[in-house]
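The structure appears right after this line, and notes come after that.
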């Protein structure tokens, strides 16, 4: 690839930008226009950085499973990208399972899989429920809240930091790091570097004094990860776990609240928590466009010429929302048997079950405690965070009948 914007046959069409407020406000209009160009279309993911985006479901599945034609190693592409590009915190090479192939990928993936397998579902559910109760208690008496800032973003944070042994003083830095890198803004690099700094200190501390946490287990894994490899696997798990789970909770809550109609609430609402999560994973997946792959050689893929080392992304959102008849029978569309929100192939998300459990438990706890919860603004007034990779609300203001606290009732403090 001779430059970040080259690598495909010249096009008369200016690539659509997948960043900025216009895309964030209505990504599905962009996807409809991109589909008109065929199974792949040229897009711009940052100033002067173009990519080919797969919008066709069947092409996406073929790409994600084709390890002979495509590699996950971005270094040939990255060599021509400015080092301060805001997309590099997400796409730039690191020694992790996400950016490797073959035996190297298998080694990293085994360490990650075995570490996450230590998460007992019943204990995770109980921990999420406990954290949810504490967070709800913080705003229950006020009658209003921002469900993103005060709930959806904080709940996964507490669970992840506790599981990996992150110090409480560093918890907010983890949030800023994982969310900042996904926004792909000017400060994305600094956000990611600060996240790496937090995890580097944690790994160094656990080398000196092991604890009863996932960081210690990862360091002791037979894969024999060195400090740099361990830091990068943990930052990968954090960024691939916290931010998407936050967005899944927030987007599903919006779906439930919007489905109640004007003046409605969750009491007797149109969507259950399971239905709302399923709908988000089909229509507005937390990670909307990612799955970066690079052709190993010049090739033709679904009728489109691609050059070796060219950046090719998968639009999970566009592929999922293609005409249902071309994906699967809409009569059996419930569940997640066919959508691509967890990806597929050898790089399929390893944390699917913990993420689903966290999201479902968080939503169920909130809606059972605040059964008359409703949106505090019209859905059209909500602001979505810009960025090419995620589908994320900036805020989700809600109101409800205030709940009396124990102190209000004269009970124990």
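The values are calculated or read from the model by the stated rules, or taken from the named source; none is laboratory data. Please read these numbers as outputs of a predicted model, since none were measured by experiment. No Cβ is skipped: glycine too gets one built from the backbone with ideal geometry, and neighbour counts run over all protein chains shown.
Checked against (1) over 18 Å from residue 288 (Cβ atoms); (2) buried (at least 22 other Cβ atoms within 10 Å of the Cβ); (3) within 19 Å of the chain's Cα centre (by Cα); (4) touching a residue at least 60 places away in the same chain (Cβ under 8 Å), residue 236 passes all but a single condition, namely (2).
Restricted to segment 90-108, and to residues there that are crowded, with 20+ Cβ neighbours inside 10 Å, in contact (Cβ under 8 Å) with a residue 60 or more places away in the chain and within 22 Å of residue 226 (Cβ to Cβ), the residue that is farthest from the chain's Cα centre (by Cα) is 108. Total residues in segment 286-305 satisfying the condition of being crowded, with 17+ Cβ neighbours inside 10 Å and over 27 Å from the mean Cα position of the chain (by Cα): the figure is 1.
What do you reckon, is residue 379 surrounded by 15 or more Cβ atoms within 10 Å (Cβ to Cβ) and either modelled with pLDDT of 95 or more or under 26 Å from the mean Cα position of the chain (by Cα) (or both)? So residue 379 does not fit the description; no. Among the residues making up segment 1-23, a single one is at pLDDT below 95 and under 14 Å from residue 288 (Cα atoms): 19.
Checking each residue in segment 30-41 for being surrounded by fewer than 21 Cβ atoms within 10 Å (Cβ to Cβ) and not in a loop (DSSP other than H, G, I, E, B) picks out 32, 33, 35.
The residue list 166, 131 contains one member that is more than 19 Å from the chain's Cα centre (by Cα), surrounded by 17 or more Cβ atoms within 10 Å (Cβ to Cβ) and either in contact (Cβ under 8 Å) with a residue 60 or more places away in the chain or assigned to a loop (DSSP other than H, G, I, E, B) (or both), which is 166.
If the condition is being surrounded by 19 or more Cβ atoms within 10 Å (Cβ to Cβ) and assigned to a loop (DSSP other than H, G, I, E, B), then segment 75-87 contributes 81, 85, 86, 87.
Going by the structure shown, is residue 224 at positive phi, touching a strand residue (DSSP E or B) at 6+ places or on another chain (Cβ under 8 Å) and surrounded by fewer than 20 Cβ atoms within 10 Å (Cβ to Cβ)? Criteria not met by residue 224. Looking only at residues of segment 134-162 that are out of contact with any helix residue (DSSP H, G or I) (no Cβ under 9 Å at 6 or more places or on another chain) and assigned to a loop (DSSP other than H, G, I, E, B), we find that the one that is surrounded by the most Cβ atoms within 10 Å (Cβ to Cβ) is 143. Annotation: of all residues in segment 42-61 being in contact with a strand residue (DSSP E or B) (Cβ under 8 Å, 6 or more places away or on another chain) and in a loop (DSSP other than H, G, I, E, B), the one that is farthest from residue 78 (Cα to Cα) is 56. Can you find a residue that is in contact with a strand residue (DSSP E or B) (Cβ under 6 Å, 6 or more places away or on another chain), under 16 Å from residue 297 (Cβ atoms) and either modelled with pLDDT under 95 or part of a helix (DSSP H, G or I) (or both) anywhere in segment 88-95? No, segment 88-95 has no match at all.
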